[in-house]
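Structure record follows, encoded as structure tokens.
FYI, it's all coordinate maths here, none of it is from the lab. In this text, all values refer to a predicted model and were calculated from it rather than measured experimentally. All Cβ positions, glycine included, derive from the backbone under ideal geometry; neighbour counts span all protein chains shown.
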Amino acid sequence: MANWPDPRTQDPISGGFRGGAIGVDTQSASFDAGLRSYMLSVYNYMASGVLLTGLVAMLFARSPAALNILFGPGPLKYVIMFAPLGFVMVLSFGINKLSTNAARGLFWAYSAVMGLSMASIFLVYTGGSIAQTFFATSAAFAGLSLFGYTTKKDLSAFGTFLVMGVFGLLIAMVINIFLKSTVMDLAISAIGVLIFAGLTAYDTQKIKSAYYQVAGTDFVGKSVVMGALTLYLDFVNMFMFLLRFMGNRD
């Protein structure tokens with residue numbers, strides 16, 4: 001575990017640490033325990049959200065109405081498609097005004113709605129290839145997140161580049177809607193996997209750093225939810241782009 005200094009123990013004049021060595025070590029150990037608990041909560045929420053999404057997707061895909069709703073005419077498919085974006089915007093821009101319980105409720109609602117949106121993959125790809133892609137994504141996510149948590153290298157500049165890459169990726173996807181190029185689609189998928197793989201490490205480090213800003217405040221619970229949402233988005237996007245390579249169509 002990286003040894004992050006606690007700024008609250010530093011003397012603002014000398015830059016040294018207040019108290020004796022025993023007091024500092026005790027406070028540091030307590031702070032590390034708090035960080036572990038914080039990160040564990042983030043991962044638990046994120047994993048629970050992914051699980052909820054998967055269950056909702058499978059159940060909805062098995063319903064007789066799923067095929068007509070997701071691939072047929074009518075506005076309902078667009079509501080299902082864009083509803084998750086609305087939840088993300090409310091959480092991202094309204095988190096300061098929301099209570100912790102409201103933020104948690106919105107996260108669960110978002111995960112469920114994402115399940116409705118992602119049900120289409122069970123109608124397009126075989127269950128075996130979906131499971132294989134899921135486990136491959138899980139293994140990659142675990143390794144990348146562990147790297148982001150343990151590395152002492154500052155990934156801020158790398159993360160800024162990746163965020164810009166996401167916007168470029170979205171533009172390329174919109175362009176390819178009109179071009180319908182198979183080659184471009186494969187290129188977008190490959191770049192998408194790499195971008196969200198990198199973002200997994202970057203976001204993990206960012207979430208870890210956020211703990212030092214919110215520890216001991218009332219914002220901790222909401223910070224856990226936002227951290228879980230961030231890693232959830234990294235995981236789901238990496239999974240969806242990887243599925244284009246590993247998925248076998250029915």
Take V214 and tell me if it is surrounded by 19 or more Cβ atoms within 10 Å (Cβ to Cβ) and β-branched (V, I, T).
no
Hey, among the residues in the range 145-189 that are assigned to a helix (DSSP H, G or I) and either touching a residue at least 60 places away in the same chain (Cβ under 8 Å) or hydroxyl-bearing (S, T, Y) (or both), which one's nearest to F245 (Cα to Cα)?
S189
Filter the range 199-211 for residues that are touching a Gly at 6+ places or on another chain (Cβ under 6 Å) and either without any contact (Cβ under 8 Å) to a residue 24 or more places away in the chain or under 30 Å from D185 (Cβ atoms) (or both); the one that is surrounded by the fewest Cβ atoms within 10 Å (Cβ to Cβ) is Y202
Cβ-Cβ below 7 Å, separation at least six or inter-chain, first residue in the range 221-250 and acidic (D, E), second assigned to a helix (DSSP H, G or I): which pairs?
D234/F196; D234/L199; D234/T200; D234/D203; D250/V124
Matching residues, the range 173-192, being under 22 Å from the mean Cα position of the chain (by Cα) and not polar (S, T, N, Q):
M173, I188, A190, I191, G192
Suppose the filter is closer than 19 Å to A228 by Cα, surrounded by fewer than 19 Cβ atoms within 10 Å (Cβ to Cβ) and touching a helix residue (DSSP H, G or I) at 6+ places or on another chain (Cβ under 7 Å); does F147 pass it?
yes
Filtered residue count, the range 123-144, keeping only those that are among the hydroxyl-bearing types (S, T, Y) and more than 17 Å from L51 (Cβ to Cβ)
3
Picked from the range 203-234 (must be within 11 Å of the chain's Cα centre (by Cα) and not aliphatic (A, V, I, L, M)), the residue nearest to A47 (Cα to Cα) is Y232
Name every residue in the range 188-227 that is acidic (D, E) and touching a Leu at 6+ places or on another chain (Cβ under 9 Å), in order of residue number.
D203
Return the residues of the range 118-129 that are surrounded by fewer than 21 Cβ atoms within 10 Å (Cβ to Cβ) and in contact (Cβ under 8 Å) with a residue 60 or more places away in the chain; say none if nothing qualifies.
I121, F122, L123, V124, Y125, T126, G128, S129
Considering each of A83, A109 in turn, give the residue that is surrounded by 11 or more Cβ atoms within 10 Å (Cβ to Cβ), more than 21 Å from V124 (Cα to Cα), small (G, A, S) and touching a helix residue (DSSP H, G or I) at 6+ places or on another chain (Cβ under 6 Å).
A83
Looking at (1) touching a helix residue (DSSP H, G or I) at 6+ places or on another chain (Cβ under 6 Å); (2) in contact (Cβ under 8 Å) with a residue 40 or more places away in the chain; (3) under 23 Å from F93 (Cβ atoms), which is the one condition that is false for V193?
(3)
